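Written out below as structure tokens is the structure these notes cover.
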Amino acid sequence: MDPLEELIRAQPGLSISLAGLGLVVGSFLNVVIYRLPKMMEAQWQRDYAEFSGEVSKASEKLSLAFPGSRCPHCNAGVKPTQNIPVLSYLLLRGKCAACDTPISVRYPVVEALTALIWVLCGLQFGVSYALAAAMLLTAVLVVLTAIDLDHQLLPDSLTLPLVWVGLLLNIDNTFVSLESAVLGAAFGYLCLWAVFWLFKIATGKEGMGHGDFKLLAALGAWFGLAALPTIVLLSSAVGAFLGVALIVTGKQDRETPMPFGPFLAGAGLIHLFYPNVLLTWVTGA
């Protein structure tokens, strides 16, 4: 029997519960992915208007809870029966019930992905504080990945709390020692900060955003100093391979920036579930 199948059979109740909860939370993550950048933009407009003495051009007040979900094309409200994770998308055949405008496949993908990752967290950590922490971390990484893909933005409102939560969790050695967590956060930030400035001095261009520094600092705070080589090498290798592939296939030119946050997040997820992956590759064990 496959090891994963054995684990699922050993904890069927936990896996089913986490899958269901992951679908529901994944639906909320979609709201965060869509609305948080808009909320930030509106706040920037209000801040600029206050600074310049102009009238704010920001639209209606928007939050994660208000107004209710609605179609961005026709503004029709989404009924509760049309907001069931994954199932509603399938029943509606991927289209708005009011105007037949196609709904992005990202919505069910985020819901299903969150459910899958949370089941894997349950299999990895069982019922524990580490499980709750891993669920929080992976949810935030899903949101950061999607926002960075859309806007090339890693919001401070997500990355900075992730740093502090990682440090606080490791006071009790949840994942690593507190000393390793502090060093991981510091060197995680400084690592990409140094790369940023070396690249800028050499080329006169900015090779990455400051949000990437903070995300790597957060992963260092969660997984410690020893995890940084794995995360940096994995994210850089996959990012470089994909970038070259896109350029060769003509889907992206050399001057078009590519977000690095999704690669960092993906490497962080790999380390969460398989912390010895780099050692295994090197040794062939």
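With the structure loaded, tell me whether Val176 is under 29 Å from Met258 (Cα atoms) and of a type in the set (A, V, I, L, M) or whether it fails that test.
Answer is no for this residue.
Kindly list the number of the only condition in (1) open to solvent by 40 Å² or more (accessible area, probe 1.4 Å); (2) touching a residue at least 12 places away in the same chain (Cβ under 8 Å) that fails for Trp118.
Tallying (1) open to solvent by 40 Å² or more (accessible area, probe 1.4 Å); (2) touching a residue at least 12 places away in the same chain (Cβ under 8 Å), Trp118 fails exactly one: (1).
May I ask you to say which residue of Val143, Val127, Val165 is closer than 24 Å to Val110 by Cβ, touching a residue at least 60 places away in the same chain (Cβ under 8 Å), touching a Leu at 6+ places or on another chain (Cβ under 8 Å) and not aromatic (Phe, Trp, Tyr)?
It is Val143.
Taking segment 127-165 as the region of interest, how many residues are among the small types (Gly, Ala, Ser) and open to solvent by 20 Å² or more (accessible area, probe 1.4 Å)?
Initially, segment 127-165 is screened for residues among the small types (Gly, Ala, Ser), giving 128, 130, 132-134, 139, 146, 157.
So of that shortlist, the ones also open to solvent by 20 Å² or more (accessible area, probe 1.4 Å) come out as 128, 132, 157.
The total comes to 3.
In the list Pro67, Pro85, Pro108, which residue meets the criterion of being part of a loop (DSSP other than H, G, I, E, B) and surrounded by 14 or more Cβ atoms within 10 Å (Cβ to Cβ)?
Result: Pro85 is the single residue among Pro67, Pro85, Pro108 that is part of a loop (DSSP other than H, G, I, E, B) and surrounded by 14 or more Cβ atoms within 10 Å (Cβ to Cβ).
Quick one: what pairs do we get from segment 207-230, first residue within 16 Å of Leu154 (Cα to Cα), second of a type in the set (Ser, Thr, Tyr) and open to solvent by 10 Å² or more (accessible area, probe 1.4 Å), C-beta under 6 Å, 6+ apart or different chains?
So the pair list comes out as Phe213/Tyr189; Ala217/Tyr189.
Does Leu233 qualify as being open to solvent by 80 Å² or more (accessible area, probe 1.4 Å) and modelled with pLDDT of 80 or more?
yes
Just to be sure I understand, how many residues within segment 1-27 are surrounded by fewer than 16 Cβ atoms within 10 Å (Cβ to Cβ) and either modelled with pLDDT under 80 or of a type outside the set (A, V, I, L, M) (or both)?
Number satisfying all stated conditions: 12.
On the basis of being at pLDDT below 80, more than 26 Å from Thr159 (Cα to Cα) and either touching a Pro at 6+ places or on another chain (Cβ under 7 Å) or not in a helix (DSSP H, G or I) (or both), does Pro72 make the cut? Show your work before the answer.
Values: at pLDDT below 80: yes; more than 26 Å from Thr159 (Cα to Cα): yes; either touching a Pro at 6+ places or on another chain (Cβ under 7 Å) or not in a helix (DSSP H, G or I) (or both): yes.
Against the criterion (at pLDDT below 80, more than 26 Å from Thr159 (Cα to Cα) and either touching a Pro at 6+ places or on another chain (Cβ under 7 Å) or not in a helix (DSSP H, G or I) (or both)), Pro72 qualifies.
Need the failing condition index for Cys191 against (1) in contact (Cβ under 8 Å) with a residue 12 or more places away in the chain; (2) open to solvent by less than 20 Å² (accessible area, probe 1.4 Å), just the number.
The single condition Cys191 does not satisfy is (2).
Could you say whether any residue in segment 215-226 is out of contact with any Leu (no Cβ under 7 Å at 6 or more places or on another chain), of a type outside the set (Ser, Thr, Tyr), within 18 Å of Ala267 (Cα to Cα) and open to solvent by 70 Å² or more (accessible area, probe 1.4 Å)?
Yes; the residues of segment 215-226 include at least one that is out of contact with any Leu (no Cβ under 7 Å at 6 or more places or on another chain), of a type outside the set (Ser, Thr, Tyr), within 18 Å of Ala267 (Cα to Cα) and open to solvent by 70 Å² or more (accessible area, probe 1.4 Å).
Within segment 201-209, is even one residue open to solvent by 40 Å² or more (accessible area, probe 1.4 Å), of a type outside the set (A, V, I, L, M) and under 25 Å from Asn170 (Cα atoms)?
Checked segment 201-209: no residue is open to solvent by 40 Å² or more (accessible area, probe 1.4 Å), of a type outside the set (A, V, I, L, M) and under 25 Å from Asn170 (Cα atoms).
Output yes when any residue across segment 264-277 is at pLDDT below 75 and in a helix (DSSP H, G or I), and no when none is.
yes
Test Arg46 against the stated conditions and say whether it is basic (Lys, Arg), in a loop (DSSP other than H, G, I, E, B) and either at pLDDT 80 or above or touching a strand residue (DSSP E or B) at 6+ places or on another chain (Cβ under 7 Å) (or both).
So Arg46 does not fit the description; no.
The values are calculated or read from the model by the stated rules, or taken from the named source; none is laboratory data. Only a predicted model underlies this, so the values are computations on that prediction, with no experimental measurement involved. Here the Cβ is made from the backbone with ideal geometry for all residues, glycine too, and neighbour counts use every protein chain on show. We work out accessible area using only protein heavy atoms, side chains counted, and drop any ligands, DNA or RNA first. Shrake-Rupley method; radii C 1.70, N 1.55, O 1.52, S 1.80 Å.
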